[in-house]
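Below: the structure, in structure tokens.
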Amino acid sequence: MKTKILFLCTGNSCRSQMAEGWACYLKGDSIDAWSAGIEQHGLNPLAVKAMAEAGVDISGQTSKLIADLEEQDFDSVITVCDNAHESCPIFPGKARIIHRRFDDPPRLAAGAANEEEAMVYYRRVRDEIRDFVKQLPGNAKKTIDK
């Protein structure tokens with residue numbers, strides 16, 4: 001049976017989407033991955049581009065609200081930003097809440113002169129998320145806070 005993991009972010013547009021994409025790509029045999037947000041901001045096109053550069057297509061994923069997944073019984077809920085961690089609702093059942101903060105690429109790239117300069121931030125965070133996901137589901141059994 002696969003470990004059911006929800007990646008939760010503020011707007012479910014970038015970091016949580018990348019995490020879901022990596023989990024499906026790298027760990028699809030052992031993880032049933034989902035993503036959602038406290039709010040719904042739509043899929044970030046630069047996140048899609050960064051993932052595509054790494055060979056992972058997340059263009060078909062959609063931005064979802066946490067309320068859209070109320071019926072799911074998750075093993076772990078991993079918050080990938082401080083706002084989601086602070087706003088994380090109570091999950092019924094066995095779900096463990098784990099916090100692993102990643103920088104927000106859109107915020108980092110806000111002052112970028114062009115798209116290529118902005119992509120530096122998206123690539124860095126993409127790779128950090130990949131490295132984290134490679135350790136799953138094992139590290140989802142303990143609290144991770146960075």
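Bear in mind these aren't lab numbers, they're just calculated from the coordinates by the rules spelled out. All of these numbers come straight from a predicted model, not from anything done at the bench. In this analysis, Cβ positions are derived from the backbone assuming ideal geometry, glycine residues included, and neighbour counts consider all displayed protein chains.
Note down the magnitude of the dipole of the chain about its Cα centre, charges +1 on Lys and Arg C-beta and -1 on Asp and Glu C-beta and zero elsewhere, to the nearest 20 debye. Could you put the intermediate results ahead of the total?
On the way: 19 positive and 22 negative charges, 106 e Å.
Dipole of the chain, to the nearest 20 debye: 500 debye.
Using the 10 angstrom Cβ neighbour count as an exposure proxy, how do M18, M119, M51, M1 rank, fewest first?
In increasing order of surrounding Cβ atoms, one gets M1, M119, M51, M18.
Let me know the number of lysine pairs in the chain closer than 16 Å at the Cα, not counting same-chain pairs under 8 apart.
Counting lysine pairs in the chain gives 14.
Please compute the net charge surrounding E39, taking Lys and Arg as +1 and Asp and Glu as -1 over other residues with Cβ under 13 Å from its Cβ.
0
Counting only other residues whose beta carbon sits under 12 Å from that of I58, what net charge do I get with K and R as +1, D and E as -1?
0
Output the 0 to 90 degree angle, nearest 10, between the alpha-carbon long axis of helix 115-134 and the longest principal axis computed from the alpha carbons of the chain.
30
Given Cα pairs under 8 Å that are at least 6 residues apart, what percent is the relative contact order of segment 3-138?
Numbers: 257 pairs, mean separation 39.4, N = 136.
Rounded, it is 29 percent for segment 3-138.
How fast does segment 3-138 diffuse by Stokes-Einstein, in µm²/s, taking the Kirkwood radius from C-alpha pairs at 25 °C and 0.890 mPa s? Kindly include the intermediate steps, with their values, before the conclusion.
Working: Rh = 14.6 Å.
The diffusion coefficient I find is 167 µm²/s.
Sorted by average packing, counted as other Cβ atoms within 10 angstrom per residue and highest first, what order do 126-132, 3-9 take?
Sorting 126-132, 3-9 by mean packing, highest first, produces 3-9, 126-132.
Once R0 is set to 22 Å, what does the formula 1/(1 + (r/R0)^6) return for the Cβ-Cβ distance between L69 and Q135, expressed as a FRET efficiency to the nearest 0.05?
Step by step, r from the Cβ atoms, then E = 0.40.
So if R0 is 35 Å, what FRET efficiency would E115 and E39 give, r being the distance between their Cβ atoms, rounded to the nearest 0.05?
Efficiency, rounded to the nearest 0.05: 0.90.
Using 0.36 nm per residue of separation minus the Cα-Cα distance, give me the extension gain between A54 and D103 in nm, one decimal.
On the way: separation 49, 0.36 × 49 = 17.64 nm, distance 1.88 nm.
Roughly 15.8 nm would be gained on extension.
Would you work out which of T10, Q72, G42 lies farthest towards the positive end of the dipole of the chain, given +1 charges on the beta-carbon of Lys and Arg and -1 on that of Asp and Glu, about the Cα centre?
Final value for the positive-end residue is Q72.
Where does the chain land at 222 nm, in deg cm²/dmol rounded to the nearest 500, when only DSSP H runs of n ≥ 4 count, each adding -39500 (n - 2.57), divided by all residues?
-10500 deg cm²/dmol, from helical runs alone.
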